[in-house]
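Here's the structure, in structure tokens; my notes come after.
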Amino acid sequence: MRSKRNQRANLLRYLLLLAGAVLCTLPMIYMISTSLRPNGALYEFPPRFFPRLSAVTLENYQYILTQSKFYINFLNSVLVSVSSVALAAGVSSAMAFVIGKFNFPGKRLLFGFIILTMIIPGTTMIVPQFELATKLGLVNKLWGLIPFYVAWVIPFSTFMIKGFMEGIPNEITEATYIDGASVMTVFLRIALPLAAPAIASVSIFNFLTAWEEYPWANTVINDTSLRTLPIAIAGFFGQHQFTQWGYVFAMSVLTLIPVIIVFITCQKFFVQGLTAGSVKG
């Protein structure tokens, strides 16, 4: 009797998981299917979720890949995202090491302030950020996006990495200090290698934040040669009196490729890093 109940519970659980997976993947499947059909086929009646095999075409991808501005926008996004991730990883891991392994006056207040900044919506800061960018001469400059992206992700990154830093045994660091190592040596040779899973896991989120960010980049960047991919995709909306959805979705699919590569590369650290960051703290 109990085994039948367990089987029913497992069946219900699998059905719920399957339904959730379908809901999550349907938009992506529709995006891919739309990118493989001509723009005119999108308005056919009755509408089709999947295109007919005879209507499948790569003309949308051919158009995007023959545009030189696509490669410029792609390189701009890569430059901004990689730079933001690298700087955020260095700054947040150093802050997490200091907060997690040292005691000093105002430690709790500092960490509480870091947590407090995580609850502030980013869109509410656009006006003061724009004024700051204007005073610093960062408007309409690609590298001007990087410090703001880094500032956005540092609180969350520090919070996650701090839990991993606290898990490093004090015996290891103390033995290193006894051997004559400096704080910088302990940080670079002991703390960073051991905290690599946490750093890799938060770097995935940081990469996604910088890669797909649109409002701030659209506010600061005016030059078409400095646009990132999200702004370039938005440029197809309303172009030539109507939205060319085939081009929009084809470019969106191409934009997903670096994200998938980053996730596959760092996935072995992903679960371990999130678990350590959530338990400690």
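The values are calculated or read from the model by the stated rules, or taken from the named source; none is laboratory data. Predicted, not measured: the structure shown is a model, and the values here were computed from it. No Cβ is skipped: glycine too gets one built from the backbone with ideal geometry, and neighbour counts run over all protein chains shown.
Structure data summary
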{"read-out": "All positions within the stretch 157-167 that are surrounded by fewer than 19 Cβ atoms within 10 Å (Cβ to Cβ) and part of a helix (DSSP H, G or I)", "value": "Glu166"}
{"read-out": "Lys101 vs. criteria more than 18 Å from Val220 (Cβ to Cβ), surrounded by 15 or more Cβ atoms within 10 Å (Cβ to Cβ), among the charged types (D, E, K, R) and out of contact with any Leu (no Cβ under 6 Å at 6 or more places or on another chain)", "value": "yes"}
{"read-out": "Residue that is farthest from Gly246 (Cα to Cα) [pool: residues in the stretch 38-53 that are modelled with pLDDT under 70 and in a helix (DSSP H, G or I)]", "value": "Tyr43"}
{"read-out": "Per-region count, the stretch 123-150, residues out of contact with any Pro (no Cβ under 8 Å at 6 or more places or on another chain) and either surrounded by 12 or more Cβ atoms within 10 Å (Cβ to Cβ) or assigned to a loop (DSSP other than H, G, I, E, B) (or both)", "value": "17"}
{"read-out": "Output for the stretch 152-195, where each listed residue is farther than 30 Å from Thr117 by Cβ and among the basic types (Lys, Arg)", "value": "Arg189"}
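Let's see how each residue does on (1) closer than 24 Å to Ala151 by Cα; (2) out of contact with any Gly (no Cβ under 6 Å at 6 or more places or on another chain); (3) of a type in the set (Gly, Ala, Ser):
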| residue | (1), (2), (3) |
| --- | --- |
| Leu58 | no, yes, no |
| Leu65 | no, yes, no |
| Tyr71 | no, yes, no |
| Val78 | yes, yes, no |
| Ala96 | yes, yes, yes |
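Quick grid of which residues meet (1) within 18 Å of the chain's Cα centre (by Cα); (2) aliphatic (A, V, I, L, M); (3) modelled with pLDDT of 80 or more; (4) surrounded by fewer than 17 Cβ atoms within 10 Å (Cβ to Cβ):
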site	(1), (2), (3), (4)
Thr219	no, no, yes, yes
Thr224	no, no, yes, yes
Pro230	yes, no, yes, no
Val248	no, yes, yes, no
Val253	yes, yes, yes, no
Phe269	yes, no, no, no
Leu274	yes, yes, no, no
Gly277	yes, no, no, no
Gly281	no, no, no, yes
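Quick grid of which residues meet (1) assigned to a helix (DSSP H, G or I); (2) β-branched (Val, Ile, Thr):
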residue: Ser201; (1), (2): yes, no
residue: Ile204; (1), (2): yes, yes
residue: Thr209; (1), (2): yes, yes
residue: Asn218; (1), (2): yes, no
residue: Asn222; (1), (2): no, no
residue: Phe237; (1), (2): no, no
residue: Ile260; (1), (2): yes, yes
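Residue-wise test of (1) β-branched (Val, Ile, Thr); (2) touching a helix residue (DSSP H, G or I) at 6+ places or on another chain (Cβ under 8 Å); (3) surrounded by 17 or more Cβ atoms within 10 Å (Cβ to Cβ).
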| position | (1), (2), (3) |
| --- | --- |
| Pro169 | no, no, no |
| Ala181 | no, yes, no |
| Thr185 | yes, yes, no |
| Leu192 | no, yes, yes |
| Ala195 | no, yes, yes |
| Ile199 | yes, yes, yes |
| Val202 | yes, yes, yes |
| Ala210 | no, yes, yes |
